[in-house]
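S.K.: The structure that follows is given in the form of structure tokens.
The values are calculated or read from the model by the stated rules, or taken from the named source; none is laboratory data. As the structure is a prediction and not an experimental result, all values here were calculated from the model. Note: ideal-geometry Cβ built from the backbone for every residue, glycine included; neighbour counts use all protein chains shown.
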Amino acid sequence: MQRIAIVDTGLCNVDSMWRAVDDCGAKSVVTDDPTDLALVDKIVLPGVGAFADAMDALDDSGMAEAIVENVRDHEVPVLGVCLGMQLLATQGSEVRDTAGLGLIDAEVKRLVSNTANSTGRAQERIPHVGWNEVHPRATSPLLSGIPDATDFYFVHSFHMQCVDERDVVATTPYCGEFASIVARGHVFGTQFHPEKSQAMGRRLLRNFVDL
Amino acid sequence: MLKLRVIPTILSKGFTLVKGERFDGARAVGSPMQAVQVYNLRDVDELCFFDIAATSEGRGPDLALIDELADKCQMPLTVGGGVHSVDDVRALLAVGADKVAVGSGQFDNPSLVRSASERFGAQCVVAVIDVWRGGNADGVPTVWSHNATRDTGFDPVEWATDVAAMGAGEIVLQSVDHDGMMDGYDLAVLAAVTSAVDVPVIASGGAGTFEHMVDAVRIGGASAVAAAAMFHFTQHTPAEARRHLAAAGIATRS
């Protein structure tokens, strides 16, 4: 049985992630103890919250260093979800510019609505909240058994801008188009919440557990 | 493209699921857990759970109950009722709420939305705005708090603009006049608010037919439509609502 660490930043809903991973047949532990990461097969970095506060929490607990060490040096697969995906980037700009984990060469930027109606008001509201399509650009084990353009649940105001376009596995049409799944080697991120995306979300998490 | 969300609202008073009319005379109709399980099976887009007795009973959110409900939710869950501090928000997120709704709490603690938004991100802070025309002799809609017992005097558009600027990532716009009446949303207030703010607005209070939902989107500019009585007491289901909206040319989850 796969052992999965779900990283607790103290700022977000880890309960539903724990439940979802448990449903996928893995043994998971919710932890803020960096030494736990050496004992698991995979890491899930969930996320709600603001980038700077979450990075501070990861730095203070020693988690940031432990994640990078285990993922980079010991090749432990990691899945970042929503803010967790953004934390994988080199830099974030929510509230203030903050260095991220640097596991994906990318910056995190605010979504900018690019359509306006006749009154000049944005038609694409921000935050981007709700179910939207995920269009694959490349094949990925994460998307096994998931049809193209499946709707997943999003709730975010920021998005990841990859330096290397090859890291973008899937995109979602909103504010132009943004990266909704990224991957580099064994580092994965989804901007949407698979743990809140009903059956297809469960399928994606199972794909990660089964890697 | 982003889909229009259809959101069942669960109104709870302690351990009981209730139906109200114009924020008054709530009667018991079942258990919240039952409702959550049914909606989970029905694959709904999202759920709102409002504990309408918390503020009037002077207590905070029922964390044990929310913890249980959230464990069963494979879809996003917004929780409101009795949220008066950043600690309340933190505690609700910790037991499994995805978004926390702030209503009366913002009037008692004017820094609440801003502090919660800075700490946890705008995406999980939802402002609930209760609008009542009938409470004013001249029928002018104003924002009411504490279960529509206090007139704050705020104009709905002014208040919506304020809470969005403070960092609310979403607004639930509730009509007290239409609450539980199933006679349609307050489209005029809805349209005024959606054209004044950039954040998504959830229409709430008054849904009785699928056409009401189409109107909330077409005329009101809503990003999501919530309904309580319509789903709990008629044969209508959220899936049928999504199909009806899709047939009217509004993208929904299939």
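S.K.: Here is a list: A:G84, A:G49, A:G25. Which entry is touching a residue at least 24 places away in the same chain (Cβ under 8 Å) and surrounded by fewer than 22 Cβ atoms within 10 Å (Cβ to Cβ)? Break it down stepwise before answering.
M.R.: Details: A:G84 fails: surrounded by fewer than 22 Cβ atoms within 10 Å (Cβ to Cβ); A:G49 fails: surrounded by fewer than 22 Cβ atoms within 10 Å (Cβ to Cβ).
On inspection, the qualifying residue turns out to be A:G25.
S.K.: Would you say B:P110 is more than 13 Å from chain A (Cβ to nearest Cβ), touching a helix residue (DSSP H, G or I) at 6+ places or on another chain (Cβ under 7 Å), surrounded by fewer than 24 Cβ atoms within 10 Å (Cβ to Cβ) and over 15 Å from B:I171 (Cα atoms)?
M.R.: On the way: more than 13 Å from chain A (Cβ to nearest Cβ): yes; touching a helix residue (DSSP H, G or I) at 6+ places or on another chain (Cβ under 7 Å): no; surrounded by fewer than 24 Cβ atoms within 10 Å (Cβ to Cβ): yes; over 15 Å from B:I171 (Cα atoms): yes.
Judged against the criteria, B:P110 is not a match.
S.K.: Just give me the residues in the range B:51-71 being more than 14 Å from chain A (Cβ to nearest Cβ), outside any loop (DSSP other than H, G, I, E, B) and surrounded by fewer than 24 Cβ atoms within 10 Å (Cβ to Cβ), in sequence order.
M.R.: Within the range B:51-71, none qualify.
S.K.: Hey, another quick one. Out of the residues in the range A:160-197 meeting the condition of being within 19 Å of A:A26 (Cβ to Cβ) and within 12 Å of another protein chain (Cβ to nearest Cβ), tell me which one is surrounded by the most Cβ atoms within 10 Å (Cβ to Cβ).
M.R.: A:E195
S.K.: Can you pull out the strands (runs of 3 or more DSSP E) entirely within the range A:160-211 that have at least 3 residues that are closer than 21 Å to A:V68 by Cβ and modelled with pLDDT of 95 or more? Give the steps one after another, and end with the answer.
M.R.: On the way: elements: A:168-172, A:178-184, A:187-190.
Filter on the range A:160-211 gives A:178-184, A:187-190.
S.K.: Right, something else. Considering (1) touching a residue at least 24 places away in the same chain (Cβ under 8 Å); (2) surrounded by fewer than 21 Cβ atoms within 10 Å (Cβ to Cβ), say which one B:A207 fails and leave the rest.
M.R.: (2)
S.K.: Please determine, by comparing only the residues of the range A:130-159 that are modelled with pLDDT of 95 or more and within 18 Å of A:Q86 (Cβ to Cβ), which one is farthest from the other protein chains (Cβ to nearest Cβ).
M.R.: Once the filter is applied, the top-ranked residue is A:L142.
S.K.: Still on this structure, I have one more. For the subset of the range B:9-29 comprising residues that are closer than 21 Å to B:V131 by Cβ and out of contact with any strand residue (DSSP E or B) (no Cβ under 6 Å at 6 or more places or on another chain), which member is modelled with the lowest pLDDT?
M.R.: Restricting to residues being closer than 21 Å to B:V131 by Cβ and out of contact with any strand residue (DSSP E or B) (no Cβ under 6 Å at 6 or more places or on another chain), the top hit is B:G25.
S.K.: Go through the range B:177-221 and count every residue that is farther than 22 Å from B:T252 by Cβ, at pLDDT below 95 and hydrophobic (A, V, I, L, M, F, W, C).
M.R.: 1
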